Amino acid sequence: MVKQFSWSITEPPRRATRFILPLRPGLPRTALAHHPCCNHLAHSPCSSYSDNNGYHDDVASAPFIVLGVAQLGVDISSYWTFSDVFEEKTLIPTPFHGGFGLLTINGTPKPAYRAFQLLHGTGDVRYNVARQGGGAGSGSGGGACDTDTGVLATSLGSGGMRLFLTNHPATFNTPGANCTITVEGAGVGPTTAVRHTRIDGANANPMAAWVAMGSPTYPTAAQLDALEAASELSWANYPAGLTFDVPANGMVVVDVLGR
C-alpha cells in the first residue's frame, strides 16, 4: 500500500507570508484573490466548526494546517483557538474532547500546536516545488498518494531549508494510504547535514498516549508529565538522500542544513 513519487524544488524562490491558514476546508482559492489596495485577514480559521470534533486533537490536524499555508494566501491570521480554555460555552474537563484549542485544558500541546511551532522556525522565503509524477513504488497506494501528498519548501530561520512533507486525505474521514515522497533539488550532497521529525500516529501524538492510559478525565501530575513528553517533537539525523515514508494523516518535516 505504498506508492513512491518525487517532487523537485525549482528556482527562483518567492517571498512567503508566514502563518497562513485556510478559512475552512474546501474554500475556493478565488475567494482569497488578492487586491492591491488592502491586506487580507483570515479571522478565526480552524479545521471544524464543532467544539467536540476529535479531529482537533488528532495528528491529522498538523498536515491540515501546513496545507493551509501551502495552498492559500492571506496576510494576517488568528487561529481559533490557542487553548481549550476559552470564553464560549463551558469548560469540559476531559483533556482530549475535540476542543478547538492548540492546547488541552491542562496545557498539553496538541499536534496542531507542534505544526505552528515548526512553521515558526521557517524563514521568509518559499521555494517553488514541482511535482515530478508518480513512481513505480511497491503496492497499490495509487490515487490516494497522487491526491493526498504535498511538499512545502521554505527557508529555515537559522539558515538552510525546511521541507514539510504532508499526507492528508483529500476527503475527510477516509483512511488514505501510506506513501513514499522523494524531494530533489534541495542541494543535498555527501556532507550536507539533514535532520527530520515526524507527526503521525506514533510520534508527537499525546492523544494516543492519553487513550493508552485509559482516557482519564482528571490525569494525575505524573500522567500530565507523560502526556507532555508524548507531545514533544523528536529530531533525528538522516543519513543520506531525501526519501521518506509518510503515513496517511501524517507529516515529516526535514531540515537541510548548511546548503
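The values are calculated or read from the model by the stated rules, or taken from the named source; none is laboratory data. Just so it is clear, the model here is predicted, and its values are computed rather than measured. Please note: Cβ atoms are built from the backbone with ideal geometry, for glycine as well, and neighbour counts cover all protein chains shown.
Annotation: N173 fulfils all but one of (1) under 20 Å from V59 (Cβ atoms); (2) in a helix (DSSP H, G or I); the unmet one is (2). Of all residues in segment 179-193, those that are crowded, with 18+ Cβ neighbours inside 10 Å have Cβ atoms under 6 Å from Cβ atoms of residues that are at pLDDT below 80 and assigned to a loop (DSSP other than H, G, I, E, B), 6 or more apart or on another chain, in C179/G141; T180/G137.
Taken over segment 49-70, the criterion of being part of a helix (DSSP H, G or I) and within 14 Å of F96 (Cα to Cα) is satisfied by G54, Y55, H56, S61.
Would you call G107 surrounded by 14 or more Cβ atoms within 10 Å (Cβ to Cβ), of a type in the set (G, A, S), over 24 Å from T182 (Cβ atoms) and modelled with pLDDT of 85 or more?
Considered against the rule, which asks whether it is surrounded by 14 or more Cβ atoms within 10 Å (Cβ to Cβ), of a type in the set (G, A, S), over 24 Å from T182 (Cβ atoms) and modelled with pLDDT of 85 or more, G107 comes out as yes.
Within segment 150-170, the set of residues being buried (at least 19 other Cβ atoms within 10 Å of the Cβ), touching an Asp or Glu at 6+ places or on another chain (Cβ under 7 Å) and either without any contact (Cβ under 8 Å) to a residue 40 or more places away in the chain or closer than 13 Å to H196 by Cα (or both) comprises just one member, R162. Restricting segment 203-239 to residues that are assigned to a helix (DSSP H, G or I) and more than 25 Å from the chain's Cα centre (by Cα), the residue that is surrounded by the most Cβ atoms within 10 Å (Cβ to Cβ) is Q223.
Quick one: would you say G99 is within 19 Å of the chain's Cα centre (by Cα), modelled with pLDDT of 85 or more and either in a loop (DSSP other than H, G, I, E, B) or within 17 Å of S231 (Cα to Cα) (or both)? Reasoning before the result, please.
Numbers: within 19 Å of the chain's Cα centre (by Cα): yes; modelled with pLDDT of 85 or more: yes; either in a loop (DSSP other than H, G, I, E, B) or within 17 Å of S231 (Cα to Cα) (or both): yes.
Taking the combined requirement at face value, the residue satisfies it.
Note on segment 128-155: residues that are assigned to a strand (DSSP E or B) and either modelled with pLDDT of 90 or more or acidic (D, E) (or both) total 7.
Inspection of segment 220-231 identifies no residue that is among the hydrophobic types (A, V, I, L, M, F, W, C) and in contact with a Leu (Cβ under 7 Å, 6 or more places away or on another chain).
Every test in (1) buried (at least 22 other Cβ atoms within 10 Å of the Cβ); (2) free of Cβ contacts under 8 Å to residues at least 12 places away in the same chain; (3) of a type outside the set (D, E) is passed by R198 save one, and that test is (2).
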